[in-house]
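**Student:** Quick one: the structure is below, and I'll ask about it shortly.
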């Protein structure tokens, strides 16, 4: 799996999180995977320096996404996709419990944890 | 090669840094917004210069930049006398989206060699930012370069199609007609 290639389980979780949500930020990954924020932030910065990720500030939060302009990103994302697609639906529900898609203010969330 | 750091523009700093790196075996290509500055004679001011190192000698960059007075500050290099421009070395390889067959243009001046994206690849690079980062200013930059330099329109169209973004080429050609 990716953790073996990347040498880090944290790195694998970050990429799966980014693939699932399209974009993400360190505190979201830390919350969903119950990990330390500092450790996650360092990994995000490492992958941004490598060119695979890009980031932008939204308020006080630095939002990351795959850098699709970078020529190595598409083949790398293909690897992430294969790992992501191999996960059973039940495991995805556990790994990504929070809804982060667009949602009208005040619309109730039934049966899932609120964001 | 001499330079006035306090007043130099992107093109002058590119040639100065590029020739120093080239003389020391570093194969560096200017990419990004600074290429727009070069191809529009400064009509667009980038503020930073991005070089992609094509060979496996990136570890020599910090000492070579120090030789010409640049100090590393995080991911970029700054010169104490050059307050308006800084230099970065983003990760390679050279590529624009899915296209990895990029052939930089090589310039030679006073025995020095320096490389830069071609006008066609510069337009593709700017359109890539428009497509993937939704940056409208990059569409404007692509149009600006196209109006100032000869370029291969069919190659830009082909690249947009390959990226699954024919709509971007439509926006680009609309910009050219304005």
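Just so you know, all these numbers are worked out from the coordinates, no wet-lab data involved. Quick caveat: nothing in here was measured; it's all calculated off a predicted structure. In this analysis, Cβ positions are derived from the backbone assuming ideal geometry, glycine residues included, and neighbour counts consider all displayed protein chains.
**Student:** Give the Kirkwood hydrodynamic radius (Å, one decimal) of the range A:2-84, defined as one over the mean of 1/r across all pairs of different Cα atoms.
**Tutor:** For the range A:2-84, the Kirkwood estimate is 12.7 Å.
**Student:** Antiparallel versus total DSSP beta bridges in chain B: what percent is that, nearest 5?
**Tutor:** In chain B, DSSP labels about 75 percent of beta bridges as antiparallel.
**Student:** Right, here's the next one. If you line up the long axis of helix A:73-86 against the longest principal axis of chain A, both from Cα atoms, how many degrees apart are they, to the nearest 10?
**Tutor:** 50 degrees
**Student:** So, R0 is 25 Å and r is the distance between the beta-carbons of residue B:66 and residue B:4; what FRET efficiency does that work out to, to 0.05?
**Tutor:** 0.80
**Student:** Using a cut-off of under 14 Å, list every residue of the range B:113-143 whose amide N is near the label point 7 Å from the Cα of residue B:153 along the Cα-to-beta-carbon line.
**Tutor:** B:143
**Student:** Right, next: Would you mind telling me which residue in A:51, A:59, A:38 has the biggest mean-square fluctuation in a Gaussian network model of chain A, where springs connect alpha carbons within a distance under 10 angstrom?
**Tutor:** Among A:51, A:59, A:38, the largest mean-square fluctuation in the Gaussian network model of chain A belongs to A:59.
**Student:** Would you mind listing how long the range B:10-116 runs along its three principal axes, going by Cα atoms, in whole Å with the largest first?
**Tutor:** 36, 34, 32
**Student:** Treating only the Cα positions of the range B:21-66 as identical point scatterers, give the base-10 log of I(q)/I(0) from the Debye formula at each q in 0.15, 0.17 Å⁻¹.
**Tutor:** Rounded to two decimals, the profile gives -0.45, -0.55.
**Student:** Something else now. What 222 nm value per residue comes from the helices of chain B, counting each DSSP H run with n ≥ 4 as -39,500 (n - 2.57) and dividing by all residues, nearest 500 deg cm²/dmol?
**Tutor:** -13500 deg cm²/dmol
**Student:** Still on this structure: Bin width 10 Å, alpha-carbon pairs only: give the P(r) of the protein assembly as shown as whole percents, running from 0 to the bin holding the largest distance.
**Tutor:** 6, 24, 29, 24, 13, 4, 0, 0
**Student:** Something else about it: For residue A:105 and residue B:101, what does the FRET efficiency come to when R0 = 51 Å and r is the distance between their Cβ atoms, rounded to the nearest 0.05?
**Tutor:** E(calc), rounded to 0.05, equals 0.60.
**Student:** Taking chain B as the reference, fit the longest principal axis to its C-alpha atoms, fit the long axis of helix B:119-133 to the helix C-alpha atoms, and give the angle between the two in degrees, 0 to 90, nearest 10.
**Tutor:** 80 degrees
**Student:** Assuming 0.36 nm per residue, please report the length gained on full extension of the stretch residue A:1 to residue A:84 beyond their Cα-Cα distance.
**Tutor:** 28.9 nm
**Student:** Please arrange B:163, A:23 by how many other C-beta atoms lie within 10 Å of their C-beta, fewest to most.
**Tutor:** A:23, B:163
**Student:** The range B:106-154: D in µm²/s via Stokes-Einstein (Kirkwood Rh, Cα pairs, 4 °C, 1.567 mPa s)?
**Tutor:** Value of D from the Cα-based Kirkwood radius: 110 µm²/s.
**Student:** Share of Cα-Cα pairs in the range B:89-178 beyond 21 Å, in percent?
**Tutor:** 30 percent
**Student:** Where does helix B:10-23 land angle-wise versus the long Cα axis of chain B, in degrees 0 to 90, nearest 10?
**Tutor:** Between the helix axis and the principal axis of chain B, the angle is about 60 degrees.
**Student:** A further question on this structure: Where the centroid of each part is defined by its Cα atoms, how far is the range B:22-79 from the range B:100-178 in Å?
**Tutor:** 20 Å
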